[in-house]
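Q: Take this structure first; my questions come after.
Here, each number is a calculation from the coordinates, and none is a lab measurement. Treat the numbers as computed from the prediction; the structure is a model and nothing was measured. Every residue, glycine among them, receives a Cβ derived from its backbone with ideal geometry; neighbour counts consider all protein chains shown.
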Amino acid sequence: IAVPTKDEALALVVKKVSAESLTEIRVGGAAYPYFAAFSQALQGRKEKQMQQQWPKFLSIIHRMANFVCGRDWNSDEENTKYETSQTLVYRQRMMREQGILGASLDILETIILKRTDKRLRGGRGP
């Protein structure tokens with residue numbers, strides 16, 4: 001698509017990235033469908049789907065926590081020694097940009113609203 005003047009053209013900066021950076025980008029992209037599917041099952045109160053997805057979803061959560069903190073993301077055992085981990089801000093930013101953070105917040109919101117609704121109706125809380 002041509003633009004009438006140079007001032008209306010979009011200036012793009014092309015940057016060569018390493019193979020490691022490409023791998024990091026793929027981690028979030030690969031995780032997002034699991035977050036989205038679990039969020040949809042949770043919001044739709046589809047108990048069977050949630051139960052089926054839970055083990056894989058939990059593994060993905062542990063891997064993402066390790067990834068964001070700079071630990072080995074291939075491990076699905078979360079290392080809870082956060083005081084020794086180095087937070088990688090660019091990885092956290094990438095999780096936000098790829099929608100992982102938003103999907104996580106949707107899941108938390110649904111869980112909190114479910115529990116609040118249950119308490120308001122006289123059910124037992126956590």
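Q: Show the residue pairs that are 6+ apart or on different chains and have beta-carbon atoms under 6 Å apart, the first residue being within the range 42-56 and assigned to a helix (DSSP H, G or I), the second being aromatic (Phe, Trp, Tyr).
A: Gln53/Phe38
Q: Scanning the range 1-31 for residues that are among the polar types (S, T, N, Q) and within 18 Å of Gly70 (Cβ to Cβ), which turns out surrounded by the most Cβ atoms within 10 Å (Cβ to Cβ)?
A: Here the answer is Ser21.
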